[in-house]
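Structure, as structure tokens:
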Amino acid sequence: MTIEVKGTGASTVMYTLDDSDFEQITLPWKKTATIAARGAEREVGRLVILTPGHVTLPDGKLGAGQCSITVDGKKVVESEEGSGKPCSYKLK
């Protein structure tokens, strides 16, 4: 699984993969992890969330960075630029 935030400059990102983290990042940014379901997650799935911080948009305004989640080489979630919505996906 790969999580990614597009853009230029610096920002912050919060995510849950095998662990949760909040990082200061340089854009573009991505992180790849191998995730294995444990216990009840095998039945109900595991929620992966990626929340990008603010970036400078092409029009010069501040807005949320564009994020995406890719599983096994297939993009399963992608936010619209500046939408302010996090990316989330339930991995089963």
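The values are calculated or read from the model by the stated rules, or taken from the named source; none is laboratory data. As the structure is a prediction and not an experimental result, all values here were calculated from the model. Cβ placement follows ideal geometry from the backbone for every residue including glycine, while neighbour counts extend to all protein chains displayed. Just so you know, the surface numbers come from the protein's heavy atoms only, side chains and all, with ligands and any DNA or RNA stripped out. Shrake-Rupley method; radii C 1.70, N 1.55, O 1.52, S 1.80 Å.
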- prompt: Limited to region 1-46, what total is found for residues that are aliphatic (A, V, I, L, M) and within 19 Å of GLN66 (Cα to Cα)?
  reply: 9
task: Being touching a Gly at 6+ places or on another chain (Cβ under 9 Å) and buried (at least 17 other Cβ atoms within 10 Å of the Cβ) is the filter here, so list the residues in region 66-88 that pass it.
output: GLN66, SER79, GLY82
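Count, please, the residues in region 30-46 that happen to be in contact with an Asp or Glu (Cβ under 7 Å, 6 or more places away or on another chain) and either of a type outside the set (Gly, Ala, Ser) or farther than 15 Å from THR2 by Cα (or both).
Here is the first cut: in region 30-46, the residues in contact with an Asp or Glu (Cβ under 7 Å, 6 or more places away or on another chain) are 30, 33, 35.
Now drop any that are not either of a type outside the set (Gly, Ala, Ser) or farther than 15 Å from THR2 by Cα (or both), which leaves 30, 35.
Residues meeting the conditions: 2.
Restricting attention to region 56-70, and to residues there that are touching an Asp or Glu at 6+ places or on another chain (Cβ under 9 Å) and among the hydrophobic types (A, V, I, L, M, F, W, C), which single residue is modelled with the lowest pLDDT? Break it down stepwise before answering.
Narrowing region 56-70 to residues touching an Asp or Glu at 6+ places or on another chain (Cβ under 9 Å): 57-58, 63-70.
Now narrow it down to the ones that are among the hydrophobic types (A, V, I, L, M, F, W, C): 57, 64, 67, 69.
Numbers: LEU57: 73, ALA64: 79, CYS67: 93, ILE69: 96.
Among those residues, the one meeting the criterion is LEU57.
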message: Restricting to region 1-36, name every residue that is in contact (Cβ under 8 Å) with a residue 24 or more places away in the chain, polar (S, T, N, Q), open to solvent by 70 Å² or more (accessible area, probe 1.4 Å) and part of a strand (DSSP E or B).
response: THR8, THR32
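Please find, within region 39-65, the residue that is farthest from SER11 (Cα to Cα) out of those that are open to solvent by less than 40 Å² (accessible area, probe 1.4 Å) and outside any loop (DSSP other than H, G, I, E, B). Talk me through it step by step, then tell me what you get.
First, pick out the residues of region 39-65 that are open to solvent by less than 40 Å² (accessible area, probe 1.4 Å): 45-46, 48, 50, 52-53, 55, 57, 63-65.
Filter once more, so that each one left must be outside any loop (DSSP other than H, G, I, E, B): 46, 48, 50, 52, 55, 63-64.
Numbers: ARG46: 26, VAL48: 20, LEU50: 13, PRO52: 8, VAL55: 6, GLY63: 11, ALA64: 9 Å.
Ranking the qualifying residues of region 39-65, first place goes to ARG46.
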message: Give all pairs with beta carbons closer than 9 Å in which a residue from region 37-64 that is more than 20 Å from GLU78 (Cα to Cα) meets a residue that is part of a strand (DSSP E or B); count only pairs at least 6 apart in sequence or on separate chains.
response: ALA37/ARG46; ALA37/LEU91; ARG38/ARG46; GLU41/LEU91; VAL44/LYS90
